[in-house]
Amino acid sequence: MEKLRYERPVLKKLETNMPNKFGLRTEYVPKTHIDGVAVKDLIKEYGSPLFVISESTIRKTYKDAKKAFTTRYPKVQFAWSYKTNYLGAVCNVFHQEGSWAEVVSGFEYDKAILNGVDGSKIIFNGPDKTEEDLEKAIKNESIIHIDHLDELYSIIELTDKLKKKPKVAIRVNMDTGIYPMWDRFGFNYENGQAWDALNKIMRSDKLELVGLHCHIGTFMLTAQAYGTAAFKMADLALGVKKKYNHDIKYIDMGGGFASKNTLKGSYLPGDDTNPTFDDFAEAITSALINSDFEPDNLPMLVLETGRALIDDAGFLLGTVISNKRSSAGKRTTIIDIGVNILFTSFWYDHKISPAQPFTHYTEDTTLYGPLCMNIDVIRESISLPLLNKGDNFVIHHVGAYNMTQWMQFITLRPKVVMIDEKGKAYVIRENETIERIIAMEKVPDHLKEFEL
């Protein structure tokens, strides 16, 4: 007979936090496997903490998003947002599914080239493109999204040097009813900046205007804002057609779609309330189809969706270090995952599941990371079963931004593994080592010796 798991006797307090209108959730399900692979086996083989990415979830989510748009609009092209997760294995899954690359720096541009993406299938965004970056993009026939006039003038100067006609678009910012407006990037629609840039491009005769681009915000919780943006983008494109008899080949609606994560301060879980791909697709495609484009001459719709395509595919596995009580008597649990590798814990109340069976007694718990800093809080308050030292757990929806915004601080960054569609795990990024860190350091000779 298997020995029963021991849990100490407790007195359960009657008071609790305010319930939502559906009442308090009292049932929990452990997350013991990811794509058929046992969580504890993964930790045993690759260590804790450990990032795990599900290839099958990436492909399914991508296909769901593509279906939502292609069933409503005839010409759709996704471009994978490298800043969201630029691990080569992750990017190449999206490229295998047909996605182009969308980059916002010279570093990301080089990474896309090294991944094997053809230059003509790279969209180059961002305000900080050096002259070297621009020259490389022009030679590779990449599409350059112009962010400001200084960049526009630099590109025009390079055309004389390179004797090539670059493919360009402009980034447009606008009022979509979401505040504060994202107006630090690109040219404003309402005050005429966008038209000023378009006129300069068309009259220079040195650039090929192929598209219009916008990115109205991040983690957008209303799809209708995209409908407003798409209507204004269509208006600009039709204006260019009327004034210059020039067809805009594509309209790029950027990214910003919300994933299933729950923003801090939200009343209900993001799973239940955040817009779906169908919601976003309906708003965008309806605005474009109902505009005055000729039915047989619709521009291609480009989408730079990042977070919503990868968040659900990412998991972070960890281990309990210890349990304590705060000065007020609240249960606090210290885990081996800090905010240095889970940057999104500042934004989201991540779903967290134990990785082993448990009884149904729960307690409001604060989850602290291992870093020696007071802001290292993974969850300020979460109702969890009692977790003992050495127990494992799974943090859900961590695929976006954590593996690009993480940092080496106090602890080293862990391995990342991907589970393929057959249930086999591959290391797609090795863990950081002390040798790798000190390899980039230089110590002057006069500081190499000392006595204590």
Condition set under 20 Å from residue 182 (Cβ atoms) and of a type in the set (Asp, Glu), scope segment 109-147, selection surrounded by the fewest Cβ atoms within 10 Å (Cβ to Cβ): answer is 128
Being touching a residue at least 24 places away in the same chain (Cβ under 8 Å), under 20 Å from residue 398 (Cα atoms) and of a type in the set (Val, Ile, Thr) narrows 285, 262 down to just 262
Counting only residues in segment 252-266 that are closer than 14 Å to residue 305 by Cα and outside any loop (DSSP other than H, G, I, E, B), the one nearest to the chain's Cα centre (by Cα) is identified as 257
Here the qualifying pairs (Cβ atoms under 8 Å; residues six or more apart or on different chains; first in segment 368-383 and outside the structural domain of residue 265 (by TED's automatic domain parsing) and over 16 Å from residue 413 (Cβ atoms); second at pLDDT 95 or above and of a type in the set (D, E, K, R)) come out as 368/376; 379/349; 382/349
The correct count of residues that are over 13 Å from residue 142 (Cβ atoms) and not in a helix (DSSP H, G or I) in segment 91-103 is 3
Exactly one of 155, 123 is closer than 23 Å to residue 185 by Cβ, free of Cβ contacts under 8 Å to residues at least 60 places away in the same chain and not in a loop (DSSP other than H, G, I, E, B), and that residue is 155
Those residues of segment 12-56 which are at pLDDT 95 or above, of a type in the set (A, V, I, L, M, F, W, C) and not in a strand (DSSP E or B) amount to 39, 42, 43
In the set 191, 274, 245, 261, the lone residue that is touching a strand residue (DSSP E or B) at 6+ places or on another chain (Cβ under 6 Å) and polar (S, T, N, Q) is 261
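Looking only at segment 345-385, count every residue that is assigned to a loop (DSSP other than H, G, I, E, B) and over 23 Å from the mean Cα position of the chain (by Cα) and tell me the total.
Counting residues in segment 345-385 that are assigned to a loop (DSSP other than H, G, I, E, B) and over 23 Å from the mean Cα position of the chain (by Cα) gives 12.
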*Do we have any residue at all in segment 153-161 that's under 25 Å from residue 82 (Cα atoms) and touching a Phe, Trp or Tyr at 6+ places or on another chain (Cβ under 9 Å)?*
no
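Picking from 68, 79, which residue would you name as being assigned to a strand (DSSP E or B) and either in contact (Cβ under 8 Å) with a residue 40 or more places away in the chain or within 17 Å of the chain's Cα centre (by Cα) (or both)?
So the residue among 68, 79 that is assigned to a strand (DSSP E or B) and either in contact (Cβ under 8 Å) with a residue 40 or more places away in the chain or within 17 Å of the chain's Cα centre (by Cα) (or both) is 79.
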Of those in segment 410-443 that are small (Gly, Ala, Ser) and assigned to a loop (DSSP other than H, G, I, E, B), the residue farthest from the chain's Cα centre (by Cα) is 439
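State yes or no: is residue 144 within 21 Å of residue 257 (Cβ to Cβ), in contact with a strand residue (DSSP E or B) (Cβ under 6 Å, 6 or more places away or on another chain) and either touching a residue at least 60 places away in the same chain (Cβ under 8 Å) or not in a loop (DSSP other than H, G, I, E, B) (or both)?
Spelling it out, it is not the case that residue 144 is within 21 Å of residue 257 (Cβ to Cβ), in contact with a strand residue (DSSP E or B) (Cβ under 6 Å, 6 or more places away or on another chain) and either touching a residue at least 60 places away in the same chain (Cβ under 8 Å) or not in a loop (DSSP other than H, G, I, E, B) (or both).
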Counting only residues that are in contact (Cβ under 8 Å) with a residue 40 or more places away in the chain, surrounded by fewer than 18 Cβ atoms within 10 Å (Cβ to Cβ) and in a loop (DSSP other than H, G, I, E, B), segment 179-217 contains a total of 1
Quick count over segment 388-435, residues being exposed (fewer than 13 other Cβ atoms within 10 Å of the Cβ) and under 16 Å from residue 335 (Cα atoms), is 2
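Inside segment 316-353, can you point out the residues that are of a type in the set (Ser, Thr, Tyr), surrounded by 14 or more Cβ atoms within 10 Å (Cβ to Cβ) and touching a Lys or Arg at 6+ places or on another chain (Cβ under 6 Å)?
Step one: of segment 316-353, the residues of a type in the set (Ser, Thr, Tyr) are 319, 322, 326-327, 332-333, 344-345, 348, 353.
Those still in the list that are surrounded by 14 or more Cβ atoms within 10 Å (Cβ to Cβ) too: 319, 332-333, 344-345, 348, 353.
The answer is 332, 353.
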Taking segment 258-299 and keeping residues surrounded by 16 or more Cβ atoms within 10 Å (Cβ to Cβ), under 23 Å from residue 314 (Cβ atoms) and either among the aliphatic types (A, V, I, L, M) or touching a Pro at 6+ places or on another chain (Cβ under 7 Å) (or both) leaves 258, 262
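Working only within segment 291-316, note down all residues that are in contact with a helix residue (DSSP H, G or I) (Cβ under 8 Å, 6 or more places away or on another chain) and assigned to a loop (DSSP other than H, G, I, E, B).
If the condition is that a residue be in contact with a helix residue (DSSP H, G or I) (Cβ under 8 Å, 6 or more places away or on another chain) and assigned to a loop (DSSP other than H, G, I, E, B), then 291, 292, 293, 298, 299, 305 are the ones that fit.
The values are calculated or read from the model by the stated rules, or taken from the named source; none is laboratory data. Keep in mind the model is a prediction, meaning the values are calculated, not measured. Don't worry about glycine lacking a Cβ; one is built from the backbone with ideal geometry, like all the others, and counts go over all protein chains shown.
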